[in-house]
Each structure stands twice: as structure tokens, then as C-alpha cells.
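Quick notes on the structure that follows.
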Amino acid sequence: MKETLLEIYGKIEEKLKAECERLGEKIPYISENGRYQKDMREENNSWWTNGFWAGMLWQMYHGTGEEIYKRTAEDSEIALDRALAGFVGLHHDVGFQFLHTAVADYRLTGREESRVRGLHAASLLAGRFNPVGGFIRAWNLDKTGWMIVDCLMNLPLLYWAGKELDDPRFSAIADLHAHTALQVLLRKDGSCNHIGVLDPLTGELLECPGGQGYGAGSSWSRGQAWAVYGFALAFMHTGHQEYLDGAKQIAHYFLANTALTGCVALTDFRAPEEPVSWDTTASACAACGFLQIAEMVPDLEKRLYYESAQKILLTLAESHCNWNPEEDGILQNGTVAHGREHETHVPIIYGDYFFVEGISRLLGKEFMIW
């Protein structure tokens, strides 16, 4: 098995070195016709996925020591200074953006300016907290009472800042949001809502629209993956058993559904059978969550989560990866949201990130970026 994983890792190295050379200082998002056509620095400097490219490169730098990954990741970090200065385009996803750039840089190099960027981003995230409802508000404009499952993956930025500054405010906000997510977003059957709309003045739950899934009451698979990994990380940072219990419940739901489809997630587990829509990014993210759970449960429970993650990642490597170093994007068949035809079955940068993190974890080469 290790030989197979090392072979996959070697392909990742070849592919990412070629992409670093081609892209230079660009920040990629979705590969189109084998090329990252858009540079997200210019397209939308505040876009929520703009940290994943650097995060993947920091994983590779940690695993290989190759300077090309470090240099390219540093370029992305500097490019996001404009987003911090501009402020208005940022929202709940600053964790995705700055854990993978500034905080990763600081953890691996000790660079002080990177630490400051990370603390700046954490302060912005903390400032979005609604103390009446006990949640971090999602997005901007008129969505003052919205919370979404994605935000769970951004909470580690607050846990990091709390420890870095020895300031319990940050961790308290993260805990309150995670607890509210358990109450509002996790359903009794182990599935999750993508969105909870609360009254921002009272905290009362008003509705749970479908969001990026098929519709209200459906089961958007990447939202389930965010929840598996997000609650597992909340447990890692706090030791609060309710978070691990939630992560395991959602993991079992995810595994039950993907057992019907060869380990690869449909875009929504509760959508019409036709047209078929896959989301490999959900599978890759969930696999990382399973590996995290496996590290934290008693020995007799570990096998379910570890071997499930391994099976998912090997299936993705064999059947859903483009290993041609002349083309951009590794993990194919990612889908941004149900029903968006132009963003269905495409290579997406966060799919590559979670795939690389997962393979790195199986080899013991990972860097805990969360």
C-alpha cells in the first residue's frame, strides 16, 4: 500500500511543480480545457477559495522541502494583502483564505508579518459574531441572520488566534458558533442543512433554505463533508465530546450514502437520480475528516474511519485524477453547486487541496494546517 501511495505522491509532485512553473504568481480556481484561465488575484482578490492553492503548496513544501512550493505560496499570501486592506469583500471564509496562506507560513517559518496577517483575519472573523444568536454570520449585504455549515471549517483560525494571543475571546466565539451549528444545522438522521436563517435580533430559527444543494431538506454532499471535518476539528481544538459525536454521526451518514455510489459522492444525496451529478471535492474533504476522526477515537473504532478514507482517496486517484503534467488541475469531476451546469464536473482548486492533504496524511507527510 505504501508503494502505491508513494507513486501517487510522486505524480502529485510532478503535476504541481509543472503548475507552479506555468502559473507564476497567479492564483487558480477552476481549470478550463486543461488550463487555469483566470487569475483570481485580478478576477476577485477576495474570493473565498484564494487560499487553497497556497495551502496545497505549503503541504508539499512541508513534505518535500522543495523551495518552489514555498516561493509560490508566499506570492499568494502577499497578493491577499489587497483583500485585507479592502475589507468589504471578506466574510466568514477568511479562515480558508488565511489559515492556508499567512498562518501556514507563520507556523512553518516563524515569519512575523504572516502572524500579523493571520491575527488581522481572525479579528475580522470574530467581529462577525452575533452574540444574541450565538453564530458567526455568513456572507454580506442583507444576510445578517444567516449561518452556514461551511463556516465550521473556518473556526480553526479563531482557535489558533486564541492560543497565539492567550486570549479566550476567540475560542469562546468559535465554541458558541459550533454549538449553535449542532443545534441548527445537524439533523437527527445525521444529515445537515447547508444554511440556517435566524432572526438576528432574537436568534430564533426562521428557515433552512437549500443553498448549494437541490433544495430545502436536501443533503448537499460537500456541506456534509464540511460538517464532518469541521466538527472533528472543533473537537481536536477543544476536547468537547459533543463535537466528536456530531462528526461521527455525519460521517456515518456520508459513508452510508457513498456506499451506493462506489465511494464517490453525488452532489446531493437527496436529489433526483437524473441528471447524475458527482462532486469529488466532497469525497476528498470527507476523507480528510475521516482521517482526523481516526486519530481521536479509541483504537477499536479507528479502522472504520481510516480504511474508509483510504478507500475513497485511492478510488479518486485511480478513476478521477488527471495526471498529465501539461494540463492544470488534478482532481476531476468536482461540482460547485447542484444545478450549475457550467460549474459541474470540473477540476476545482479546493478538490486538489483536500486530495493532496489526504494522500499526505496517509503517508505521514502532512502539515496540520487547521
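Of all residues in segment 86-107, how many are surrounded by 19 or more Cβ atoms within 10 Å (Cβ to Cβ) and assigned to a helix (DSSP H, G or I)?
Residues that pass the stated criteria total 14.
If you go through segment 233-292 and pick out every residue that is among the aliphatic types (A, V, I, L, M) and assigned to a helix (DSSP H, G or I), you end up with 14. Of all residues in segment 116-156, those satisfying the criterion of being open to solvent by 50 Å² or more (accessible area, probe 1.4 Å), on the phi < 0 side of the Ramachandran plot and not aliphatic (A, V, I, L, M) are His120, Ser123, Gly127, Pro131, Asp142, Lys143, Thr144, Trp146. When each of Ala225, Ala251, Ala247, Ala234 is tested for being open to solvent by less than 10 Å² (accessible area, probe 1.4 Å) and within 23 Å of Pro131 (Cα to Cα), the lone residue that passes is Ala234. Sub-9 Å Cβ pairs linking a first residue in segment 137-150 that is assigned to a strand (DSSP E or B) to a second residue that is at pLDDT 95 or above and of a type in the set (Ser, Thr, Tyr), at least 6 apart or interchain, are Met147/Thr180, ordered by first then second residue. Selection of segment 258-306 for residues being among the aromatic types (Phe, Trp, Tyr) and open to solvent by 10 Å² or more (accessible area, probe 1.4 Å) yields Phe269, Trp278, Tyr306. Taken together, the residues in segment 32-85 that are of a type in the set (S, T, N, Q), part of a helix (DSSP H, G or I) and crowded, with 19+ Cβ neighbours inside 10 Å amount to 3. Restricting attention to segment 199-232, the residues that are of a type in the set (Ser, Thr, Tyr) and more than 20 Å from the chain's Cα centre (by Cα) add up to 3. Being touching a residue at least 24 places away in the same chain (Cβ under 8 Å), in a helix (DSSP H, G or I), closer than 27 Å to Glu19 by Cα and not aromatic (Phe, Trp, Tyr), is that true of even one residue in segment 116-133? Scanning segment 116-133, I find at least one residue that is touching a residue at least 24 places away in the same chain (Cβ under 8 Å), in a helix (DSSP H, G or I), closer than 27 Å to Glu19 by Cα and not aromatic (Phe, Trp, Tyr), so the answer is yes.
Please state which one of Glu14, Glu19 is buried (at least 21 other Cβ atoms within 10 Å of the Cβ), more than 18 Å from Ile369 (Cβ to Cβ) and charged (D, E, K, R). Spell out how you get there, then give the answer.
Working: Glu14 fails: buried (at least 21 other Cβ atoms within 10 Å of the Cβ).
Among Glu14, Glu19, only Glu19 is buried (at least 21 other Cβ atoms within 10 Å of the Cβ), more than 18 Å from Ile369 (Cβ to Cβ) and charged (D, E, K, R).
A single member of Glu341, Glu366, Glu326 is surrounded by fewer than 18 Cβ atoms within 10 Å (Cβ to Cβ) and touching a helix residue (DSSP H, G or I) at 6+ places or on another chain (Cβ under 9 Å), and it is Glu326.
Among the residues of segment 157-177, the ones that are charged (D, E, K, R), in contact with a helix residue (DSSP H, G or I) (Cβ under 8 Å, 6 or more places away or on another chain) and surrounded by fewer than 21 Cβ atoms within 10 Å (Cβ to Cβ) come to 4 in all. Note on segment 18-31: residues that are assigned to a loop (DSSP other than H, G, I, E, B) and of a type outside the set (D, E, K, R) amount to 5.
Within segment 314-333, can one find any residue that is in a helix (DSSP H, G or I), closer than 27 Å to His240 by Cα and touching a residue at least 12 places away in the same chain (Cβ under 8 Å)? No, that holds for no residue.
The values are calculated or read from the model by the stated rules, or taken from the named source; none is laboratory data. Since this is a predicted model, take the numbers as computed values, not measurements. When we count neighbours, we look across all protein chains shown, and the Cβ atoms used for this are built from the backbone with ideal geometry, even at glycine. SASA here: full protein model, heavy atoms, side chains in, ligands and nucleic acids out. Shrake-Rupley method; radii C 1.70, N 1.55, O 1.52, S 1.80 Å.
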